[in-house]
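The values are calculated or read from the model by the stated rules, or taken from the named source; none is laboratory data. Since the structure is predicted, the reported quantities are computational estimates derived from the model, not experimental observations. Please note: Cβ atoms are built from the backbone with ideal geometry, for glycine as well, and neighbour counts cover all protein chains shown.
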């Protein structure tokens, strides 16, 4: 039975999608069967990180949620030489053209079907983990319900006041209806001192542990999210931090 892992943030710009893609790669390289679902239907981008050209994507998650596609047609097997059996990585992308995103804004999507999709993909593709990249924010009728429902939740933030306050609001909201493990990832941190401020600001304890603080670097900025940074630069300190996050996920026991 697969575990579903949600990566959520209060606002965009935290590097959440980049984290998800690189963590998925490292889990697959450790021999795990991984699914990545781009559930940020308002601002999808996982297909870019995985270098899937638009011409190769004919059916997408948003189409499936509207009933315009069947599940096998929206799941794409990513087959780089960096992954060897039994590891595998599958991507469920969403369309990022203006018409598709506008349709989602106007008509919404079937949230219950989205949540059922996590389980269905895990079963049909025999996955160990399903990683879900959500739309950021405090949407109580969308992404936040997704965050509340998954087996593991990683809240991603930068060490600045807006992110800290917004993440605290998410934590306060989830206290009422989330009982499964929640963790914190700090990304784009320029100094250790600022990470300490985040820890203090969020009142992080053994019940809400900080898993990793990833520093921003000129190398990351120059990379510009063109592909998977940890694949191209495996020895880089940022990539080593991603490896530690992957190891942390592997250490978590399924909650029945």
Mind listing whichever residues of region 227-242 are touching a residue at least 40 places away in the same chain (Cβ under 8 Å) and closer than 20 Å to residue 91 by Cα? 227, 228, 229, 230, 231, 242
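What about residue 210, is it over 23 Å from residue 46 (Cα atoms), touching a strand residue (DSSP E or B) at 6+ places or on another chain (Cβ under 9 Å) and either loosely packed, with under 15 Cβ neighbours inside 10 Å or at pLDDT 85 or above (or both)? Don't jump to the end; show me each part of the working.
On the way: over 23 Å from residue 46 (Cα atoms): yes; touching a strand residue (DSSP E or B) at 6+ places or on another chain (Cβ under 9 Å): yes; either loosely packed, with under 15 Cβ neighbours inside 10 Å or at pLDDT 85 or above (or both): yes.
Against the criterion (over 23 Å from residue 46 (Cα atoms), touching a strand residue (DSSP E or B) at 6+ places or on another chain (Cβ under 9 Å) and either loosely packed, with under 15 Cβ neighbours inside 10 Å or at pLDDT 85 or above (or both)), residue 210 qualifies.
I need the full set of residues from region 119-129 which are outside any strand (DSSP E or B) and either at pLDDT below 95 or more than 17 Å from residue 40 (Cβ to Cβ) (or both), in order please. Let's see the steps before the verdict.
In the first step, residues of region 119-129 are kept if they are outside any strand (DSSP E or B); the result is 119-128.
Listed by number, the residues that qualify are 119, 120, 122, 123, 124, 125, 126, 127, 128.
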Identify all residues within region 140-150 that are surrounded by fewer than 21 Cβ atoms within 10 Å (Cβ to Cβ) and over 15 Å from residue 175 (Cα atoms); write none if there are none. 141, 142
Residues within region 24-61 that are within 14 Å of residue 78 (Cβ to Cβ) and under 15 Å from the mean Cα position of the chain (by Cα), tallied: 15
In region 170-207, residue nearest to residue 153 (Cα to Cα) [restricted to those that are part of a loop (DSSP other than H, G, I, E, B) and modelled with pLDDT of 65 or more]: 181
Does any residue of region 130-145 turn out to be out of contact with any strand residue (DSSP E or B) (no Cβ under 7 Å at 6 or more places or on another chain) and assigned to a helix (DSSP H, G or I)? yes
State whether the residues of region 29-39 include one that is in contact with a strand residue (DSSP E or B) (Cβ under 8 Å, 6 or more places away or on another chain) and farther than 17 Å from residue 88 by Cβ. yes
